[in-house]
């Protein structure tokens, strides 16, 4: 987001997010920088993905005027797609787990998206399954499908990763949240080109029992764009650790991040502690605004208050 | 003795237990030990001699696929089994 520019539309303001040093949250010999993806137009990193997926589908001819967009999403991708859809004249249907936070649902409705609910206890897997089913039954839908769309990691290769490589002359560790795998695959690949020894580390949510109610392991899901062999570390973060990270960022730096941002900051600080010197970059995917209605802010038992929802 | 946390998805295979204890130096040995007692678990955990694709195994909170796989040493840490789940909001 270049300062003092006149942008033709919000879509021209996606990306070019700032990096800020976390010298209070993670003091020590290792410098830790956070890339503030909440600075994107709808407040999350998914603006990059939505813009890239729609542009790619238009360029390939797959997406023509009159087709309807459909996507499984617990929020951020849907809100980003809703902005792109609005500005480009498409309608959008989002398949959303029933337990997504109220802000997400309200935002999607305000942006004009139609919402289809999937069972909350099935988490994101349930939303993916239902969306795939709907798309198969109705060919007027075009589903960008961030989990399998190469434009997703490419947006992070050409954007997120390239921006980090241009801003820093050294990166020893990259930390990002593991969801679709887009950020880790794309930005990780780009950073390896500039810094061959960079450690690409995933912060992964430890899901609550209530959202693991899959019937069998065969109902599990690994996003096609995710190649775990390209990750150097893959670290589980509990909901309580994520919220502690989120509160730490706010207390120490004034950064109001979302749940995954807290998890990623937690892992960044942990990995910085394993080094004697160097640079750790963490990608904070969104801000805390869309989580204000959640129960965890004042809960005595943070873990229990969060176990029924998949947070990222 | 290594504690192994069992996700809801796999509890039918282990008589409803939430946590089991297994012997062994490596993840492979610990999982083989508990699979020996609960044979139904073995078919769920392993495929072609390796880990089944939709099972994630963590030692000390790190995915063994980014460590030494089934040969990862447990070293007194606990083991967590999880189903592979879609994330990304």
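The values are calculated or read from the model by the stated rules, or taken from the named source; none is laboratory data. Given the structure is predicted, the values throughout are model-derived calculations rather than measurements. We place every Cβ from the backbone using ideal geometry, glycine too, and count neighbours over all the protein chains shown.
List of remarks:
- In the set (1) more than 9 Å from chain B (Cβ to nearest Cβ); (2) crowded, with 24+ Cβ neighbours inside 10 Å; (3) in contact (Cβ under 8 Å) with a residue 60 or more places away in the chain; (4) touching a strand residue (DSSP E or B) at 6+ places or on another chain (Cβ under 9 Å), residue A:243 fails one condition alone, (4).
- Looking only at residues in segment B:71-89 that are under 12 Å from the mean Cα position of the chain (by Cα) and within 9 Å of chain A (Cβ to nearest Cβ), the one that is farthest from residue A:124 (Cα to Cα) is B:80.
- Listed by position, the helices (runs of 4 or more DSSP H) contained in segment A:120-203 that have at least 3 residues being at pLDDT below 95 and buried (at least 17 other Cβ atoms within 10 Å of the Cβ) are A:123-137.
- Residue match in segment B:17-32 (condition: within 12 Å of another protein chain (Cβ to nearest Cβ), surrounded by 14 or more Cβ atoms within 10 Å (Cβ to Cβ) and over 27 Å from residue A:182 (Cβ atoms)): no
- Subset of segment A:170-190 (residues that are within 16 Å of residue A:32 (Cβ to Cβ) and over 17 Å from the mean Cα position of the chain (by Cα)): A:170, A:171, A:172, A:173
- Criterion (within 8 Å of another protein chain (Cβ to nearest Cβ), within 30 Å of residue B:44 (Cα to Cα) and at pLDDT below 95) met by exactly one of A:236, A:231, A:214: A:214
- Looking only at residues of segment A:81-99 that are out of contact with any strand residue (DSSP E or B) (no Cβ under 9 Å at 6 or more places or on another chain) and touching a residue at least 40 places away in the same chain (Cβ under 8 Å), we find that the one that is surrounded by the most Cβ atoms within 10 Å (Cβ to Cβ) is A:83.
- Of residues in segment A:249-275 being surrounded by fewer than 24 Cβ atoms within 10 Å (Cβ to Cβ) and under 18 Å from residue A:289 (Cβ atoms), the one nearest to the other protein chains (Cβ to nearest Cβ): A:256
- Boolean, residue A:293 is assigned to a loop (DSSP other than H, G, I, E, B), over 20 Å from residue A:28 (Cβ atoms) and in contact (Cβ under 8 Å) with a residue 24 or more places away in the chain: yes
- Residue under evaluation residue A:218, criteria (1) in a helix (DSSP H, G or I); (2) touching a residue at least 12 places away in the same chain (Cβ under 8 Å), criterion not met: (2)
- Looking across segment B:46-70, not a single residue is under 12 Å from the mean Cα position of the chain (by Cα), assigned to a loop (DSSP other than H, G, I, E, B) and more than 10 Å from chain A (Cβ to nearest Cβ).
- Candidates are the residues of segment A:288-312 that are touching a strand residue (DSSP E or B) at 6+ places or on another chain (Cβ under 9 Å) and within 13 Å of another protein chain (Cβ to nearest Cβ); the one that is surrounded by the most Cβ atoms within 10 Å (Cβ to Cβ) is A:310.
- Checking the stated criteria, residue B:8 turns out to be closer than 29 Å to residue A:201 by Cβ, surrounded by fewer than 18 Cβ atoms within 10 Å (Cβ to Cβ), at the interface with chain A (Cβ under 10 Å from one of its Cβ atoms) and without any contact (Cβ under 8 Å) to a residue 12 or more places away in the chain.
- Yes/no for residue A:255 being closer than 15 Å to residue A:33 by Cβ, at pLDDT 95 or above and part of a loop (DSSP other than H, G, I, E, B): yes
- Answer residue from segment A:26-44, given it is touching a strand residue (DSSP E or B) at 6+ places or on another chain (Cβ under 7 Å) and buried (at least 23 other Cβ atoms within 10 Å of the Cβ) and is farthest from residue A:186 (Cα to Cα) among those: A:26
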